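Remarks on the structure that follows.
The values are calculated or read from the model by the stated rules, or taken from the named source; none is laboratory data. Remember, it's a predicted structure, so these values are computed and weren't measured experimentally. Here the Cβ positions follow ideal geometry from the backbone for every residue, glycine too, while neighbour counts run over all protein chains shown. We work out accessible area using only protein heavy atoms, side chains counted, and drop any ligands, DNA or RNA first. Shrake-Rupley method; radii C 1.70, N 1.55, O 1.52, S 1.80 Å.
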Amino acid sequence: FISQPLTLVVAIRGVVMAESTKPLTRIGLAGLAVMGQNLALNIAEKGFPISVYNRTTSKVDETVERAKLEGNLPLFGFHDPESFVNSIQKPRVIIMLVKAGAPVDATIKTLTAYLEKGDCIIDGGNEWYENTERREKAVAESGFLYLGMGVSGGEEGARHGPSLMPGGSFEAYKYIEDILLKVAAQVSDSGPCVTYIGKGGSGNFVKMIHNGIEYGDMQLIAEAYDVLKSAGKLTNEELRNVFSEWNKGELLSFLIEITADIFGIKDDKGDGYLVDKVLDKTGMKGTGKWTVQQAAELSIAAPTIEASLDSRFLSGLKEERVAAAKVFRSGGLEDILREQEVDKKQLVDDVRQALYASKICSYAQGMNLIRAKSIEKGWDLKLGELARIWKGGCIIRAVFLDRIKKAYDRNPQLPNLLVDPEFAKEIVERQAAWRRVVCLAIKSGISTPGMSASLAYFDSYRRERLPANLVQAQRDYFGAHTYERIDVPGAFHTEWFKTARKDD
């Protein structure tokens, strides 16, 4: 924070006024929706004077007012981009928190009109990683530095300590490392939840996969809820108690914690609990879809994450599902799907174990995607370090991330979390309960696509021989794609049709 003066210009009720001269600020932030406001206030609260700007000027005034109310924080608002840029010390660093896509390009165009060589732009949104790489190259031609930084933790995380995933220019990262280390979530046994991820769009890619894992995690928790509620007939109060208890053990995590909270909230507009009044249509912003697309492009199996995406698609067909329910109810399906007799206490314990085992598979799939992309792009990403920075601040923060970090510390070349000795032991111990839950769900007509996909992933991965030999034989039969043999090296083709007919 240097002493070079500037004239701070603010607008009050549409009247532009000049205050007394102020020192230049340390950093700037453009884009003052909820995430942008909260991150700006977090930075200011940590002692770093910050300039803020938004195209809609009312957002600037709102943020300045919040800064005053929350402790007269060193946050300064600007209504025009030139004054905003000139208020920041050189080399300037500006974080953008605007909607991905065209708005990012528009904001870059606005800012770079006033920036100078050596200044840095940081995109803190959920951006497609290739866009980040394109922009980094484009601004480099004008002498600017660029970072794509994943920010996880929602509005509370942004305000009080998110998990930060910056990737791109290492020189740019060093500009603001001291800020990020203080602004990020702090975990007592492992430090700030931030690290330099790697080159290019690696920061955005890692955040995207984080969100894909998040999709899987949320779907698995929803399925656990469905089985307990539909098959076990647990009340919302019982569910709240169960999830609260789970949050004291191996499942301790942000998502389990907030789920317990949700079950305890009464409806303020009527009788009963609010969760039962929420429409069963899940929204999405695209990162889960991108994750599944990347899985296909990288030829990495991610069935749990894929199942969670499909479940969101199906949830969107509310009207069709209502009509289908009537068709199959009148068709006698209710008679076939008779209620299963269950031991409630045993079911709760089985679902806990099934959820944990399924979560391991979901995280394993995400980590495999990151490793595959890292190899493809030459990013040299450290999977254990990623698990460390996800331990606090972010949506998927969970106690067992520390064990994932230790697994990769033991073996940085670990091909899959499932074969880490500790995780392998835990899955074996839980597989009987896991299978009981999936079987009960099938018998009860309760869909558990995430848990079922996780179990199928585990069962496929652990088998020495799969029926893929038949699929390859079929491919050679109709398309002459050739096949390999288990006993003789080389590629082979058989005229299956002629051979079959000759034998007839």
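Quick look at the numbers
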read-out	value
Radius, Kirkwood style, for the chain when every pair of distinct Cα atoms is counted (Å)	25.4
Trypsin sites (Lys or Arg not before Pro) within segment 397-504: DSSP coil, no more than 10 neighbouring Cβ in 10 Å	Arg463, Arg465, Arg485
Length-normalised contact order for segment 84-150 - Cα pairs under 8 Å, 6+ apart - percent	35
Heavy-atom surface of the chain, accessible at 1.4 Å and reported per residue (Å²)	49
Largest-first principal axis extents of the Cα set of segment 95-162 (Å)	36, 21, 16
Eligible aspartates and glutamates near Lys405 by straight Cα distance, threshold 15 Å, same-chain separation 8 or greater	Asp189, Glu385, Asp420, Glu422
Candidate lysines - alpha carbon under 20 Å from Lys233, same-chain residues fewer than 8 apart omitted	Lys266, Lys277, Lys344, Lys345, Lys443
Simple label model, 7 Å out from Cα along Cβ direction - Ile265 to Ser142, nm	4.2
On Cα atoms only, tilt of 129-140 relative to the major axis of the chain in degrees	30
Positive dipole terminus of segment 27-196, leading residue within Ser163, Val183, Phe78 (C-beta point charges)	Phe78
Rounded accessible area of Glu495 (nearest 10 Å², 1.4 Å probe)	100
Pairwise centroid distance, computed over Cα atoms, of segment 237-306 with segment 88-163, Å	30
Solvent-accessible surface ranking, highest first, for Val488, Val64 at 1.4 angstrom	Val488, Val64
Heavy-atom accessible surface of the chain: percent carbon and sulfur, 1.4 Å	54
Karplus 3J(HN,Hα) series, Hz, for segment 82-88 with 6.51 cos²θ - 1.76 cosθ + 1.60 (x for Gly, Pro)	5, 4, 4, 4, 6, 7, 9
Accessible area in the full protein assembly, largest first, 1.4 Å probe, for Lys233, Lys99	Lys99, Lys233
Residues Lys318 and Ala491, FRET efficiency given R0 of 60 Å [Cβ-Cβ distance, rounded to 0.05]	0.75
DSSP beta bridges in the chain [antiparallel fraction, %, rounded to 5]	45
Debye, to nearest 20: dipole size of the chain, +1 on Lys, Arg Cβ, -1 on Asp, Glu Cβ	360
Folded to 0 to 90 degrees: helix 34-45 orientation relative to the chain principal axis, Cα	60
Helix 449-462 vs. the chain, principal-axis angle (Cα, 0 to 90°, nearest 10)	70
Computed helical MRE - 222 nm, the chain, DSSP H runs ≥ 4 contributing -39500 (n - 2.57), nearest 500	-17000 deg cm²/dmol
Dipole magnitude of segment 27-196 about its Cα centre (Cβ charges: Lys, Arg +1; Asp, Glu -1), debye to nearest 20	160
By accessible area with a 1.4 Å probe, ligands and nucleic acids excluded, highest first: order of Trp128, Trp434	Trp128, Trp434
